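A.B. asks: One structure, pasted below without further comment.
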Amino acid sequence: MNARGPRDSIGIGMTSQRTRLRMVERLREKGIEDERVLAAMAAVPRHLFVDEALASRAYEDTALPIGFSQTISQPYVVARMIESLIGDNGVPAKVLEIGTGCGYQAAVLAQLAREVYSVERIAALLERARSNLRSLRLSNLRLTHGDGNFGLEQAAPFDAIVVAAAAREVPQALLRQLARGGRMVLPVKAGSRGAQRLALYQRGARGFIETELDEVLFVPLQTGKL
């Protein structure tokens, strides 16, 4: 961690390092095994990414509202998605995140990967993420305003892609931008009742291998920029 912002200076009660470590222990109890992922989760102060009124709930294992009809994902889902990205391949060098949101997952990814690119379609939310991230001084993280369905062609290929919104169908642009041997994790709508499943796509020499993971609940992946 680098420079501390005013909200990080609280350092007591529900925003303390001790509280953060208790969150990590709960993740371990729920089945997150990769110690690199757990260390990254421990390194990022989640309370910086939610409204001050919700700071006391920042380390609960629950999604919280961040405005613009969006949410910050529950810690377990963040850890599960990142652990699935790493898999047996080791930590990916270059990662693309679709759906910056408040910036929390991007900050966790930046603890692990050499380069992290994150795309957000809502300009005002992207600016909020920039503000949330400023005190962490993450020089390996680049944020972009754009339609995540199209990925980020100018920076492709990516060793890993993570999508923080539920797609009706897997965006073909994201599959094309995944490097050989790369992994992509995203929630996909399943069935007509609004159910969603977390899916892992691995790119091999002969195409993609899909693996179903967990049932999840994400906001929908939208098109266009705001």
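A.B. asks: Do you know which of the residues in the range 175-226 that are basic (K, R) and either part of a loop (DSSP other than H, G, I, E, B) or in contact with a strand residue (DSSP E or B) (Cβ under 8 Å, 6 or more places away or on another chain) (or both) is surrounded by the most Cβ atoms within 10 Å (Cβ to Cβ)?
C.D. replies: R183
A.B. asks: Condition (residue is surrounded by fewer than 21 Cβ atoms within 10 Å (Cβ to Cβ) and of a type in the set (V, I, T)) applied to the range 133-154: is it met by at least one residue?
C.D. replies: Yes - at least one qualifying residue is present in the range 133-154.
A.B. asks: For the range 49-62, which residues satisfy the criterion of being aliphatic (A, V, I, L, M) and out of contact with any Leu (no Cβ under 8 Å at 6 or more places or on another chain)?
C.D. replies: Listed by number, the residues that qualify are A53, A55.
Table: residues versus (1) under 17 Å from V219 (Cβ atoms); (2) over 8 Å from the mean Cα position of the chain (by Cα).
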{"site": "G67", "(1), (2)": "yes, yes"}
{"site": "I72", "(1), (2)": "yes, yes"}
{"site": "M81", "(1), (2)": "yes, no"}
{"site": "G87", "(1), (2)": "no, yes"}
{"site": "V91", "(1), (2)": "no, yes"}
{"site": "E97", "(1), (2)": "yes, no"}
{"site": "C102", "(1), (2)": "yes, yes"}
{"site": "Q105", "(1), (2)": "yes, no"}
{"site": "V108", "(1), (2)": "no, no"}
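A.B. asks: Need pairs with beta-carbon distance below 6 Å; first residue among the small types (G, A, S) and within the range 116-145, second in a strand (DSSP E or B); sequence gap 6+ or separate chains.
C.D. replies: Sorted first by the residue in the range 116-145, then by its partner, the pairs are S118/E97; S118/L143; A123/H145.
A.B. asks: On to the next question. Could you please give the count of residues in the range 164-174 that are over 17 Å from S118 (Cβ atoms), without any contact (Cβ under 8 Å) to a residue 40 or more places away in the chain and outside any loop (DSSP other than H, G, I, E, B)?
C.D. replies: Of the residues in that region, 1 qualify.
Every read-out reported here was derived from the displayed coordinates using simple, explicitly stated rules and does not represent laboratory data. All figures in this text were calculated on a predicted structure; none of them were measured in a lab. Reconstructed Cβ throughout: ideal geometry from the backbone, glycine too, with neighbour counts over all protein chains shown.
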